[in-house]
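J.: Let me give you the structure first, and then I'll get to my questions.
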Amino acid sequence: ALPLDERLKRRIIDGERNGLEDDLDQALETRKALAIVNDTLLDGMKVVGELFGSGQMQLPFVLQSAEVMKNAVAHLEPHMEKTDEDGKGTIVLATVRGDVHDIGKNLVDIILSNNGYNVVNLGIKQPVSAILDAADQHRADVIGMSGLLVKSTVIMKENLEELNQRGIAADYPVILGGAALTRAYVEQDLHEIYQGEVRYARDAFEGLRLMDALIG
Ligand code: B1M
């Protein structure tokens with residue numbers, strides 16, 4: 001049999017759910033929930049991305065892997081550390097228009113929620129109008145946009161231009177994340193066009209650090 005860590009990674013790659021909870025419980029005996037996500041499960045998703053990108057894995061199997069990933073995160077979530085702090089500020093979080101990828105966004109939600117932020121998670125395929133309505137309604141301190149498609153990087157730019165046009169850019173610092181973005185694109189190109197603050201988060205923890213820096 002494979003060592004536990006390797007077995008968990010294979011479960012993500014193979015989309016194999018049977019026995020997942022048992023393996024996760026066993027892993028929890030020696031490791032923290034977040035470490036299991038970061039060091040093991042995300043490694044598995046990375047392999048899935050590589051296999052899919054090189055044509056060695058078909059879409060339905062990617063979907064199965066994503067389902068197992070979601071189940072794993074849901075099982076681990078109650079074991080994640082939480083601060084007692086509360087009400088540190090509000091972020092409206094969304095995957096942008098045309099993009100269905102939400103595993104990363106939902107991890108960001110968990111990390112920020114566990115660390116005292118109020119997260120309004122709008123879900124996937126959100127047009128800019130919906131994001132701005134929610135930001136207004138919830139008096140958001142920050143807007144967070146996620147997107148994994150190359151197309152989404154263009155949509156994020158259009159969204160920032162919409163905030164400029166409405167004259168509300170100064171009210172909303174924006175955090176952007178997702179695999180198709182680069183730090184340079186956000187911190188140089190988008191920084192140049194946006195009339196408010198725009199920052200790049202490589203992962204959920206950088207998202208948390210940015211929230212602390214922008215609001216704290
Ligand atoms: Co899709 N997909 N997918 N996919 N998928 C990618 C993104 C792709 C790179 C795969 C590949 O070709 N190698 C590729 C994009 C290529 C491109 O645009 N150039 C791709 C494609 C092509 C597609 C479809 C078009 C395929 C098709 O239909 N022919 C289609 C798109 C549909 C659409 O959006 N309109 C599609 C569909 C799907 C599934 C539905 C099967 C599934 C998504 C399921 C779901 O999310 N519910 C899926 C998956 C799983 C992937 C890969 C394999 C894995 C993504 C993932 O969940 N990673 C992905 C490969 C890859 O990313 N390299 C791929 C784990 C996740 C935790 O990481 O989301 O990057 P990530 O989040 C990280 C950071 O980026 C950051 O923190 C997270 C954790 O540290 N972060 C933030 C993310 N958002 C943040 C926001 C923040 C802060 C940090 O603040 C606001």
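Where a number appears in this text, it was derived from the coordinates with a stated rule and is not lab data. No experiment lies behind these values; they were computed from the predicted model shown. A quick note on method: Cβ atoms are made from the backbone with ideal geometry, for glycine too, and the neighbour counts reach across all protein chains shown.
J.: Give the distance, in whole Å, between the Cα centre of the stretch 71-88 and the Cα centre of the stretch 139-216.
T.: 24
J.: Which order do the peptides 43-53, 156-166 come out in when sorted by mean C-beta neighbours inside 10 angstrom, highest first?
T.: 156-166, 43-53
J.: Now, a different point. Taking the chain as a Gaussian network, Cα atoms linked when under 10 Å apart, which of 194, 185, 117 shows the biggest mean-square fluctuation?
T.: 185
J.: Would you mind working out the magnitude of the charge dipole of the chain relative to its Cα centre, with +1 at each Lys and Arg C-beta and -1 at each Asp and Glu C-beta, to the nearest 20 Debye?
T.: 400
J.: Looking at the chain, what % of its DSSP beta bridges pair antiparallel, to the nearest 5?
T.: 0
J.: Report the dimensions of the stretch 134-174 along its three principal axes from the alpha-carbon atoms, largest first, rounded to Å.
T.: 29, 19, 14
J.: I've got another one for you. Can you return the lysines within cross-link range of residue 82? Criterion is Cα-Cα under 16 Å, with same-chain partners fewer than 8 residues away left out.
T.: Partners within reach: 32.
J.: Once you put a point 7 Å from the Cα of residue 193 and another 7 Å from the Cα of residue 138, both along the Cβ direction, what distance in nm separates them?
T.: In this crude spin-label approximation the distance works out to 2.5 nm.
J.: Using only the alpha carbons of the stretch 1-63, determine the length spanned along each of the three principal axes and report them from longest to shortest in whole angstroms.
T.: 37, 21, 20
J.: Can you give the FRET efficiency for residue 46 and residue 212, using 1/(1 + (r/R0)^6), R0 = 30 Å, r = Cβ-Cβ distance, to the nearest 0.05?
T.: Taking R0 as 30 Å, the efficiency between residue 46 and residue 212 is 0.65.
J.: Mind pulling up the Rg/Rh value for the stretch 127-216? Radius of gyration and Kirkwood radius, both on Cα.
T.: In the stretch 127-216, Rg relative to Rh is 0.92.
J.: I need the peptides 84-93, 140-149 ranked by packing, meaning the mean over residues of other C-beta atoms within 10 angstrom, with the highest value on top.
T.: 140-149, 84-93
J.: In square nanometres and to one decimal, what's the mean projected area of the convex hull around the Cα atoms of the stretch 98-138?
T.: 2.9
J.: Take the Cα atoms of the stretch 20-95, build their convex hull, and give its volume per residue in Å³.
T.: Expressed per residue, the convex hull around the Cα atoms of the stretch 20-95 is 120 Å³.
J.: If you look at just the Cα atoms of the chain, how large are its Rg and its Dmax in Å?
T.: Rg, Dmax (Cα atoms, Å): 17.9, 60.
J.: How large is the convex hull of the C-alpha atoms of the stretch 63-160 per residue, in Å³?
T.: About 88 Å³ per residue, rounded to a whole number.
J.: Net charge around residue 101, counting only other residues with Cβ within less than 15 Å of its Cβ (Lys, Arg = +1; Asp, Glu = -1)?
T.: +1
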